[in-house]
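Have a look at the structure below, then the notes.
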Amino acid sequence: MCGIVGYKGKRQASSVIIDSLKTLEYRGYDSWGVAVVGNPSISVVKEVGMICDADTINNLGSGTVGIGHTRWATHGKVTEENSHPHMSSDGCISVVHNGIIDNYQALKEQLKKKGYVFRSETDTEVIPLLIEDFIKNGCSFEDAFRKTLSFLEGTYAIVSIHKDSETMICARKDSPIVVGVGDGEHFVASDSPAFINHTNKVIYLENYEMAVFNGSFEVRCSITGDIIDKKVQVLDWDVEQAKKGDFKHYMLKEISEQKETITKAIHQDDKVLQGIADAINESYGTFFIASGSSYNAALSASYTFSKIARKHINIVDSSEFPNYEHFLTPQTLMITVSQSGETADVLDAVKVAKKKGVKILSIVNVMGSSLMRNSDHTLLMNAGPEICVLSTKSYTSQLAILTLLAYACVGKLSEGKDLLKSVADHVGDLTDPKTLLGTVELASCLKDKEHLYVIGRGQSYSTALEAALKIKEVSYIHAEGFAGGTLKHGPIALIEEGTPCIVFVPNDETRKEILSNAMEVKSRGGYIIGVSDEENDIFDFFVKVPDVGHASPITDIIPIQVLSYYLAILRGCNPDRPRNLAKSVTVK
Ligand code: F6R
């Protein structure tokens, strides 16, 4: 979590950095800060809360080298002192950091013994102080930076500047860094949307690589110091995709883009797709590994694989995967699903699997992400940047690709494509502005509720989990998803007069039983919101969705994404930045 940026070029660094930080706020938004090399010293602004601009830019001066940070607190409370950048005690060095330094307490003790005083509770502050200490002992800024890295245990993406040298340096280990290559200027960021309006030419740093920006630009091995030849890649994401346009929030924009993103998701190279389907068929044990919404998409797909391809898939939450290592052999196949490709638990699961010789396939949205680089094969979702912290378009893109794979496993790729093309059209209807507004009525009726339950069976069980996740994370209404059959084993005790319960009733084998579960809830006073292709007397409120067969999880979730959005709005919550959350969960 946390977003870091750096800029060295010919423009006013503060204004470039503040714009970049705003696009990275999805990675953390507790507090933020910027440092710019000035004359005679580094100017720093740090604040808790929203990133502000005009005054801040002026206070930071006209320097052309600087760094910035938007924080998701891990070590230390949300305070100005704990926000980044952190400075050396002599004020010459400034550092921003994403990741966790595991051995910071030991390093802190050593530095304290040398007389250094700490101003924050963070793990990061050891970094500028270590650099300072090495410089005091005769090292150049670059050598001091490299030596400091050799003392750090844990994960890091670091950018640092020095007051006298006009040099900016960055390095990474297990936290992402991408360098943007402009015309006479360079950008450093956790993620490319931070600078996409300046350049689409990028260089991805690997672990133990360090980029030094002085007059020129070099990437060096952070252990040996050897120069590494890096390839510049060109991104096909554009500026407009990363902007809100006429929408008030990214969440609504991204929900509305789904006709297009599903169409792009299924636009895959057939040969590659078929090759992956063959690998699934040939594997001895296939695992789907993911977290959060991506896990819900993978769980949904495990039902699709069972129904269409008669194939058993092991589905494991990535944070739990290390417990399954005993079942892995070189014949096992792991399919990881992740929007960001930076989720720490997913990357850790990949490490565990690779040690056992497991082949890794990934379904990822962010090109060049750590997951993509650590996979044997990748299918890109092609959803464009997803800026809202909540997954919406990436979730349906994941479902679309996984559904396609299930069809490919039984040689029916074109049948799958035809189905998904028609689904994309239905999605276009569901996200039409008029249909969206219809959901406001439901949101108004639910906005003051404290608890809400969601049920489904079969594939719709995973949709129920995803629906509950969307509602709770953005509106803070307590929402839980259950399998319809689980209700009687406990959760039904929670139903009282007026308790809302969303029920997914698709036209499949689950219809009869889920309707009787809904009736059980209604008999105890529950208010039933039916999401179905067909009206039913049991429903107190009816949300109509099309009947799209095996692809119903894609269309069924959309009205609930929209409902979640309006619940957030009516309850005064910011849908793009729910409290306590960050888009890329880069810590375990
Ligand atoms: C929920 C949400 C999260 C992510 C999860 C995994 O709306 O966005 O639950 O799905 O953190 O993230 P990725 O897909 O980037 O691995």
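The values are calculated or read from the model by the stated rules, or taken from the named source; none is laboratory data. Everything numeric in this text was worked out from a predicted model, so none of it was measured. For neighbour counting, all protein chains shown are included, and Cβ atoms are generated from backbone atoms with ideal geometry for every residue, glycine included. All accessible areas refer to the heavy atoms of the entire protein, side chains included, with ligands and DNA or RNA removed. Shrake-Rupley method; radii C 1.70, N 1.55, O 1.52, S 1.80 Å.
Before moving on, here are some points about what is shown:
- Over 39 Å [Cα-Cα, the chain], rounded percent: 31 percent
- Computed over the Cα atoms of region 3-241, the ratio of the radius of gyration to the Kirkwood radius (Rg/Rh) comes to 0.93.
- Quotient of C-alpha Rg and 2.2 N^0.38 Å, computed over region 249-430: 0.96
- Farthest toward positive dipole pole in the chain [+1 Lys/Arg, -1 Asp/Glu at C-beta], among ILE554, LEU273, ILE569: LEU273
- Calculated log₁₀ intensity ratio I(q)/I(0) where the Debye formula runs over C-alpha points of region 125-216, q = 0.12, 0.18 Å⁻¹: -0.38, -0.81
- Sum of -39500 (n - 2.57) over DSSP H runs of 4+, divided by residues of the chain (222 nm, nearest 500): -11000 deg cm²/dmol
- Segment MET50-ASP183, extension gain: residue separation times 0.36 nm, minus the distance between their alpha carbons: 44.8 nm
- In this structure TRP237 has an accessible area near 40 Å², from a 1.4 Å probe over the protein heavy atoms.
- Size of charge dipole - region 249-430 - debye, nearest 20, with Cβ of Lys, Arg +1 and Asp, Glu -1, no other charges: 340 debye
- A straight chain from ASP429 to ASN574 at 0.36 nm per residue would run longer than the Cα-Cα distance by 49.6 nm.
- Inter-part distance where region 460-538 and region 285-309 are each reduced to a Cα centre, Å: 21 Å
- For LEU379, residues with placed amide H under 5 Å, excluding near neighbours: SER362, ILE363, VAL364
- If the chain linking VAL232 and THR329 were pulled fully straight, counting 0.36 nm for each residue of separation and taking away their Cα-Cα distance, it would gain 31.3 nm.
- Listed peptides 478-491, 168-181 by packing density, highest first (mean Cβ within 10 Å): 168-181, 478-491
- In order along region 60-70, phi translates into HN-Hα couplings of 8, x, 9, x, 10, 10, x, 9, x, 8, 10 Hz, rounded to whole numbers, per the Karplus curve 6.51 cos²θ - 1.76 cosθ + 1.60 with θ = phi - 60° and x for Gly and Pro.
- Test item: Cα-centred dipole of region 3-241, Lys/Arg +1 and Asp/Glu -1 on Cβ, debye: 440 debye
- Model label points for ASP269 and PHE118, set 7 angstrom from Cα along the Cα-to-Cβ axis, are 4.9 nm apart.
- Per-residue ³J(HN,Hα) for region 33-39, Karplus 6.51 cos²θ - 1.76 cosθ + 1.60, θ = phi - 60°, Hz, x for Gly and Pro: x, 9, 10, 10, 5, x, 10
- The listed residues TYR29, TYR156 rank as TYR29, TYR156 when sorted by accessible area, largest first, using a 1.4 Å probe.
- Taking other residues whose beta carbon is less than 15 angstrom from the beta carbon of ASP376, and scoring Lys, Arg as +1 and Asp, Glu as -1, yields +4.
- The separation of region 27-59 from region 407-425, counted between C-alpha centres, amounts to 50 Å.
- When you count the other C-beta atoms within 10 angstrom of each residue and take the mean per peptide, 510-518, 184-192, 114-122, 367-375 line up highest first as 184-192, 367-375, 510-518, 114-122.
- Hz values of 3J(HN,Hα) by residue in region 91-101 - Karplus curve (6.51, -1.76, 1.60), Gly and Pro given as x: x, 8, 10, 10, 9, 10, 8, 10, x, 9, 8
- Distance between modelled label sites at SER150 and GLU81, nm, 7 Å Cα→Cβ extension: 3.3 nm
- Long pairs among LYS421/LYS588; LYS307/LYS544; LYS271/LYS307; LYS147/LYS173; LYS108/LYS354; LYS421/LYS544, criterion Cα-Cα beyond 26 Å: LYS421/LYS588; LYS108/LYS354
- Relative packing of peptides 534-541, 104-111 - highest average C-beta neighbours within 10 Å first: 104-111, 534-541
- Backbone N under 19 Å from the GLU509 label point (7 Å along Cα→Cβ), restricted to region 283-311: 299-311
- Extent along the principal axes, Cα only, for region 433-575: 38, 34, 24 Å, with the longest axis given first.
- Taking the Cα centre of the chain as origin and assigning +1 to Lys and Arg Cβ atoms and -1 to Asp and Glu Cβ atoms, the resulting dipole is close to 740 debye.
- Placing pseudo-labels 7 Å out from each Cα toward the beta carbon at ASN39 and GLU415 gives an inter-label distance of 7.4 nm.
- Against the chain, whose longest principal axis comes from its Cα atoms, helix 433-446 is set at around 90 degrees.
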